[in-house]
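Input: a single structure, listed below in structure tokens.
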Amino acid sequence: MPRPINSRFQDYHIYLRPLPGFNSWGYPTFSLMLALSGISHVGFKVLHSGHNNYTLLHSFFKAVTQNTTPQDMAEL
């Protein structure tokens, strides 16, 4: 993950930032989703006002699809 990512869907706001290690503290469901997707060098912050897991999943997919590789960043 070469750059920070911000994603939002309804009441869920997700902030992902690149880190040398994996900081999984704070939201166990989201940290498990990140680990299962293979994203391991990241820190995150999840802000929400409701507990709807469908909006969490949708905002997760929006954030993950914004991720690029360092090669893609070099082409820009």
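Only the coordinates and a few stated rules stand behind these numbers; no lab work does. Note that this is a predicted model, so its numbers are computed, not measured. Backbone-built Cβ (ideal geometry, glycine too); neighbour counts: all protein chains shown.
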Expressed as a whole-number percentage, the relative contact order of the chain with C-alpha contacts under 8 angstrom and at least six residues apart is 42
Relative to the chain, whose Cα atoms define the longest principal axis, helix 28-37 and its Cα axis are tilted in degrees, nearest 10, by 40
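Out of all DSSP beta bridges in the chain, what portion is antiparallel? Express it as a percent rounded to 5.
Numbers: 12 of 13 bridges.
Among the beta bridges of the chain, antiparallel pairing accounts for roughly 90 percent.
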Which of (1) 51, 33, 30; (2) 39, 23, 17; (3) 52, 20, 18 gives Cα extents along the principal axes in Å as computed here? It is (2)
Given Cβ charges of +1 for Lys and Arg and -1 for Asp and Glu, the option among Ala63, Ala35, Ser24 whose Cα lies farthest towards the positive end of the dipole of the chain is Ser24
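With only Lys, Arg, Asp and Glu charged, each at its Cβ (+1 for the first two, -1 for the last two), find how big the charge dipole of the chain is about the Cα centre; round to the nearest 20 debye.
In total the dipole reaches around 140 debye.
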Taking the chain and counting helices only, DSSP H stretches of n ≥ 4 at -39,500 (n - 2.57) each over all residues, the nearest-500 ellipticity at 222 nm comes to -11000 deg cm²/dmol
